Amino acid sequence: MVNLYKEAKKRLKAKGQKEQSKLDYYDIRDLILIAMMDGRLDSAEISELKEISRYTYSNMTERALELYNKFMNGALGTDEIQTSKLDLMAKVSEMFTKQRQAGEDTVLGVEGVAELLILTIKDGLLINSRLDELLKVRNKVLKYMTPMGKEVFQKFVKSYHLRLHPPAKVDTIKKQTTRRQPMDSGYQMKYKQCGVCSGSGKVTCSSCYGMGGRSESRVEYDFQGNPQYRDEWITCYSCNGGYSNCYNCGGTGQVFA
């Protein structure tokens, strides 16, 4: 699991020691996306996001700071509830239009998905209309998402739905169970002798016909080129000494009566 505060410090350090080196909008967006990768914000992630504010607040650009404050206020529930309708499909259409104008394929990657998710929760609203918007995007745009974007989006939608509609607590009802009657201790399984192997558990091998192998003639030549004939015994690999386990009783010699 990525520590968000350490990741923020790492990004800031990578920008160097210049006076204008600050975390920009895209850095904060990426950090928020990392926090939402599992589709929810737990207490540890909220704590790490707070640490970013404590130690790098003065090292954010104005746009990054605006995004951070909006997101944190929404995540912590301190924003006033707004009733303005969110149109995620319009945002997707805007993204696709820009891609087509640039001659690119219409694909919604992780960055695009991140923008949609941030729009969904940064003002703190948790309402059915937002869930409807997410489901519209899932039904119409999921096939245009990259595998990673699809994974993040699906996890988030599932989490948002569970937060909005938590599963009802069902009282456990003690079911009356009928006690199974024990088997009669006097009952015994009945067997009879296998009719295929006559109780021996063995049958003649169908490959070597009980011979356990076969004899093959070999030809070798001496130094003068004269042929020397000899017989060689080849052991059968399908059985053991010409016999194999009975196919009817499995080698036990008995079957159920």
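The values are calculated or read from the model by the stated rules, or taken from the named source; none is laboratory data. Computed from a predicted structure; not experimentally measured. FYI the Cβ positions are ideal-geometry reconstructions off the backbone, even for glycines, and counts take in every protein chain you see.
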Within the range 113-134, is even one residue modelled with pLDDT under 90, surrounded by 14 or more Cβ atoms within 10 Å (Cβ to Cβ), farther than 21 Å from L67 by Cα and under 24 Å from the mean Cα position of the chain (by Cα)?
yes
Just wondering, is there one or more residues in the range 45-52 that are closer than 23 Å to R130 by Cα, at pLDDT below 80 and not charged (D, E, K, R)?
yes
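Name the residues in the range 140-181 that are modelled with pLDDT under 75 and under 16 Å from L117 (Cβ atoms), would you? Can you show your working first?
Going through the range 140-181, the residues modelled with pLDDT under 75 turn out to be 163-164, 166-181.
The answer is R163, L164.
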The one condition S238 fails out of (1) part of a loop (DSSP other than H, G, I, E, B); (2) of a type in the set (S, T, Y); (3) more than 30 Å from Y191 (Cβ to Cβ) is (3)
